[in-house]
1. So A:LEU51 fits all but one of (1) in contact (Cβ under 8 Å) with a residue 40 or more places away in the chain; (2) under 35 Å from the mean Cα position of the chain (by Cα); (3) within 10 Å of chain B (Cβ to nearest Cβ); what number is the exception?
2. For B:VAL118, which of the numbered conditions (1) at the interface with chain A (Cβ under 8 Å from one of its Cβ atoms); (2) surrounded by fewer than 20 Cβ atoms within 10 Å (Cβ to Cβ) fails to hold?
3. Take the range A:78-95 and flag every residue that is within 12 Å of the chain's Cα centre (by Cα) and modelled with pLDDT of 80 or more.
4. Among the listed residues A:GLY153, A:GLY95, A:GLY139, identify the single one that is surrounded by 17 or more Cβ atoms within 10 Å (Cβ to Cβ) and out of contact with any strand residue (DSSP E or B) (no Cβ under 7 Å at 6 or more places or on another chain).
5. Restricting to the range A:301-326, what's the tally of residues that are in contact with a Leu (Cβ under 7 Å, 6 or more places away or on another chain) and in a helix (DSSP H, G or I)?
6. Please give the helices (runs of 4 or more DSSP H) falling wholly within the range B:48-147 in which 3 or more residues are under 21 Å from B:ARG12 (Cβ atoms) and in contact (Cβ under 8 Å) with a residue 60 or more places away in the chain.
7. Search the range A:297-319 for residues being within 26 Å of the chain's Cα centre (by Cα) and of a type in the set (S, T, N, Q), and hand back the single one that is nearest to A:LEU260 (Cα to Cα).
8. Does A:TRP203 satisfy the condition of being part of a helix (DSSP H, G or I), within 21 Å of A:GLN333 (Cβ to Cβ) and either of a type outside the set (Lys, Arg) or modelled with pLDDT of 90 or more (or both)?
Amino acid sequence: MEKLLNYGAIQSALTERGITQKQLASSVGTSSQAVTNWLKGKDFPRPASLLKLATILGLTFDQLVQTSNAGRPIIAYRKKANAKTTDAHIAKAEGIGMLLKPLVSYLPELQALRTLITSPSTDYDKLQIVASQTRSRLGIGEQAVLGYEHLLGEFKECGAILVPVLWGSKGNHENALHIRLPQEDVTFIYLNLDTRLEDFKFWMAHELAHVLTPELSGKIEGEDFADAFAGALLYPRACAEQAYRAATQQPSLDRAIEVLLHQADVHMISLNTIFQQVQRYAKAANLMLLPIEEKNIHALRNSLRGPLVSETMFDPMPPSPQRYIAACEKTFQTGFFLALKRMIHHSGTGASYVQQVLDASLQDASALYEELRR
Amino acid sequence: MLVLLDTNAYLRLAKRIRPLLGVEFGHNQYSLNVLKQVEDEVFKSPRLQFLYPWFTDTELKAERMGKLVRLSKEERTKIEAASSVLHAYVLSDPLGYTSHGRSPPSPTDCFILAFGQVRPAIVVTDDLGMHKLANDFDIDIWHGHDLLKKMLTAKVITNDQVREIFTALENNDDLPRTWQEVKHTSFKKLFGPKP
């Protein structure tokens, strides 16, 4: 990675602390000329000198050093409602991404020719075309229920590595985490299995959108497109049109909501997704919107929350490491754990690596490590 | 001279060497201590609490709490700055830190090494990734067995205690590879030459 010292930040810190360049050189234990060369970008300090610079000036690595973005992991989040993505979250995810780099050579061979969405747009008609093309590629019709297996196959086709994790249903920031390594041309998708079953397919589709639009990864428009794509793919126009007609023929709003609830059950997606897609259809077709308030949909949805994916997969909870790995490999067809196992056996990598790349507790990571080391 | 034990180093020694913390020994007046991170790490992990039930003994807890290192704002700023440099360095060489039995030092590991740099202190750990990082940055670092050897030389522990510690770690399948390597060299008088 090409690195340069941040001249401006260092000069400001020197001024603030009343230190001359000569005094700085003396404190670091080097010559004034060496410091001048560092500041001019002619040379870069050795690790021990860089550490001394940081402590003397009280500057963190990001303040002290300018690095190029080449090879930097690209992060995209599917956030939990109301969760705020902070720099610390991004930095942590980038750190995981950097640590995943050595794992890449242990992964199964990835698909080289991949499908991409060339002109991603959140325009309703354009989204419907993309959704229709995707469904056609998956071999399912416009009104068919899209299953998990269809999405899993598509991830595999796109060379994405799924990493199912148990991050808890509360407290943790992510529902899913998307880490793209541009230099290695690999995408890791962390799926939190401690998520409601009804939401799970939506954000799997959301993550698929990121995989299909790598140039939008990490950008706000990428998140917007991914949300819009997921809705259109899971509940396309043909479904929304039929639900709209059925709902508007009902004698009461309660009955209209029952129509939407029935559709949510059939398609195994949330009531909110159905509602949003029906309203988007109505708006695009210049029809009157359903006179149902969004807050009522949310209230109803919250009162009818189903089980977590993890609860349906692993009964009883928590699963043993062996069951967890086996279920993840079988259900999600992921080569992640096999690669991890190969790496541990080949490089002697320690348990702390498992803890850090899975963002797991020490307890879970140690147990998983023992299983992978066998 | 302050000597700082990481969690594993503390857990490998504290049961059998009492008192452990705050006792000065050797020509350099070494004095052992731990950071609050050790307390946090064990109390966050039911596994560690199960494996080391003696950790919560009143006597040991009082010893740790009594010697707790307090940091000034200035020191904390410096340690956090140093820690960020160390962690960035780890992330820039992930291959180097995941091979030869190493794990990449975590942000907490980097904090301990940064503490050693700023205070200064010698860090005691058996983590090979931390050793590589410390060596790259000229930070003083010992393996647990280095500490044991120095304590033995300074006569603050006995041959029997060293034998007990090696045996216990072997029985618990927790004897680090580096300890195995020095068992019949640094501790040849106790364990004899390599069979």
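The values are calculated or read from the model by the stated rules, or taken from the named source; none is laboratory data. None of these values were measured; they are calculated from a predicted model. Every residue, glycine among them, receives a Cβ derived from its backbone with ideal geometry; neighbour counts consider all protein chains shown.
1. Of the numbered conditions (1) in contact (Cβ under 8 Å) with a residue 40 or more places away in the chain; (2) under 35 Å from the mean Cα position of the chain (by Cα); (3) within 10 Å of chain B (Cβ to nearest Cβ), the odd one out for A:LEU51 is (1).
2. Single failed check for B:VAL118: (2).
3. Answer for the range A:78-95, where residues must be within 12 Å of the chain's Cα centre (by Cα) and modelled with pLDDT of 80 or more: A:HIS89, A:ILE90, A:ALA93, A:GLU94.
4. When all the criteria are applied, what remains is A:GLY95.
5. Residues flagged as in contact with a Leu (Cβ under 7 Å, 6 or more places away or on another chain) and in a helix (DSSP H, G or I) within the range A:301-326 amount to 6.
6. Here the list reads B:107-118.
7. Per the criteria, the residue is A:ASN302.
8. yes
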